[in-house]
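Every read-out reported here was derived from the displayed coordinates using simple, explicitly stated rules and does not represent laboratory data. These figures come from a predicted structure and were not determined experimentally. Positions of Cβ are backbone-derived with ideal geometry, glycine not excepted, and every protein chain shown enters the neighbour counts.
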Amino acid sequence: MRTEITIIRPDDCHLHLRDGEMLAAVLPASARIYARAIVMPNLVPPVTTVKQAAEYSRRIIDARPESSHFEPLMTCYLTDSTNPDDLKAAYAVQAFHAVKLFPAGATTNSDSGVTDIANVYPVLEAMQEIGMPLSVHGEVVDPDVDVFDREAVFIDRVLEPVRRDFPELKIVFEHLTSKTAVDYVFEQDEYTVATITPHHLVLTRNDLFKGGMNPYMYCLPVAKTAKDRDAVRRAAVSGNERFFLGTDSAPHPARMKEKAGAAAGIFNAPTSIGYVTQIFEQLSALDKLEGFTSIYGARFYALPPNGSTITLKKRETPVEMNWEIKAGHDVVKIFKPDVSLFWDLVD
Ligand code: NCD
Ligand code: ZN
């Protein structure tokens, strides 16, 4: 049995770093593992301009631990009034690597998101023309749609029409959670790819309620059934280069999680690569790990593979660590599902 593996240093193709004290607190965990990350723009206010992105990127770089070369790849928060020409100019100088579509009201800090996909058709047209990726939070916000069906309904109501109208638009269907979404992506061509998170490889919706309602297992899209999780796992280990890792690590202070109306988002950066490796081992797919974590995402975003490697080791006893970090006066708890972690990075 294999107990050690060395892979090209991974990229995190979907990451929430926040700002200020929270940024300073969470960044070292990502920088320890990942060389680059596609950084989500859902700050308050959202990152919608090149100037905001450049300033945010500078703050991330300034918050890096000494000797870290972690590289933030910025994204633009799509609104009803995003200007296609501004976007073209920004993409040409790599100020943005992708545009993020949050349906308005779908998730944390999505209030400025798109209210009707028709409003952004001119933007999608421009993006298709220049080959700029659209990163999609694929859930409808219709209150009449069951929370567990919102991803599937999004495919029918939004994704499929967009796919049809812009066949060569590069689309990243972010954080897949359902068998329906996995099947959909498998059926598409090279213009549709998907990210998969560590927590959706591990959790089912039972975990939300195990031992009492647990907000630390709550994120959006919400975890689904075991059958759905198994489909997501199958996609991750398939070796199909249209599925790659995006952690969706999304820190919230404990005081925002441990209350009625708990915030959606799981802070998994510190344990992300450990859990992913563990699941790949369980599925006898360690040979597929490097593609999923370090090659396919970079290839999709037209980046060269990273020049360094990381090594992961399987411990004989569960990894011991402090399962929380401090951010200013706040505490942020680290993703700790009901499954012991045995794989850890060797520094
Ligand atoms: C994310 C956050 O907290 O910013 N939350 C989440 O549950 N995943 C937003 C998002 O990506 O949906
Ligand atoms: Zn996210």
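Which of the lysines could a cross-linker bridge to Lys288, judged by Cα under 29 Å and excluding same-chain residues fewer than eight apart?
Lys100, Lys170, Lys179, Lys224, Lys227, Lys313, Lys314, Lys336
Which whole-Hz couplings ³J(HN,Hα) result when phi for each residue of region 67-73 is put into the Karplus expression 6.51 cos²θ - 1.76 cosθ + 1.60, θ = phi - 60°, listed in order with x for Gly and Pro?
6, 7, 10, 3, 10, x, 10
For Val331, which sequence-distant residues (separation of 5 or more, or a different chain) have an amide H within less than 5 Å of its own amide H, given hydrogens modelled in the peptide plane?
The answer is Ala254, Arg255.
Taking R0 as 25 Å, what's the FRET efficiency between Gln282 and His329 from their Cβ-Cβ distance, rounded to 0.05?
The pair Gln282/His329 has a calculated efficiency of 0.05.
Can you bin region 1-92 into rounded, prolate or oblate? Criterion: square roots of the alpha carbon gyration tensor eigenvalues sorted a ≥ b ≥ c, rounded for a/c under 1.5, prolate for a/b above b/c, oblate for the rest.
Here region 1-92 falls in the prolate category.
Rounded to whole Hz and in sequence order, give me ³J(HN,Hα) for region 148-159 from the Karplus expression 6.51 cos²θ - 1.76 cosθ + 1.60, θ = phi - 60°, writing x for Gly and Pro.
So the J values, rounded to whole Hz, are 6, 9, 5, 6, 4, 5, 4, 4, 5, 7, 10, 5.
Give a quick list of GluC sites (Glu not before Pro) in region 143-248 that DSSP marks as loop, anything other than H, G, I, E or B, with at most 16 other Cβ atoms within 10 Å.
Glu168, Glu190, Glu241
What trypsin sites (Lys or Arg not before Pro) in region 252-328 are in a loop by DSSP, with at most 10 other Cβ atoms within 10 Å of the Cβ?
Qualifying residues, ordered by number: Lys259.
Can you list the HN-Hα couplings for region 221-228, worked out from phi with the Karplus curve (6.51, -1.76, 1.60; θ = phi - 60°), rounded to whole Hz and with x for Gly and Pro?
x, 5, 4, 10, 7, 4, 5, 5
Starting from one equal scatterer on each C-alpha and no solvent at all, send me the Debye-based log10 I(q)/I(0) for the chain at q = 0.10, 0.15 Å⁻¹, two decimals.
So the normalised log intensities work out to -0.54, -1.37.
Using unit Cβ charges (K, R positive; D, E negative) and no other charged atoms, how large, in debye to the nearest 20, is the dipole of the chain about its Cα centre?
Here the size comes out at about 880 debye.
Amide H to amide H, which residues 5 or more places from Glu71 or on other chains are under 5 Å from it, using H placed in the peptide plane?
Those lying under 5 Å, H to H, from Glu71 are Arg36, Ala37.
DSSP loop (so not H, G, I, E, B), at most 11 other Cβ within 10 Å: list which chymotrypsin sites (Phe, Trp or Tyr not before Pro) in region 180-211 pass both filters.
Passing sites in region 180-211 are Phe209.
If you split all Cα-Cα distances of region 97-246 into 10 Å bins from zero, what percentages do you get per bin, shortest first?
11, 42, 36, 10, 1, 0
If amide hydrogens are placed 1.01 Å from N in the peptide plane, which non-local residues have theirs closer than 5 Å to the one on Glu324?
Ile334
Rounded to the nearest 500 deg cm²/dmol, what is the calculated helix-only ellipticity per residue at 222 nm for the chain, with -39500 (n - 2.57) per DSSP H run of length n ≥ 4?
Dividing the helical sum by the residues of the chain leaves -8500 deg cm²/dmol.
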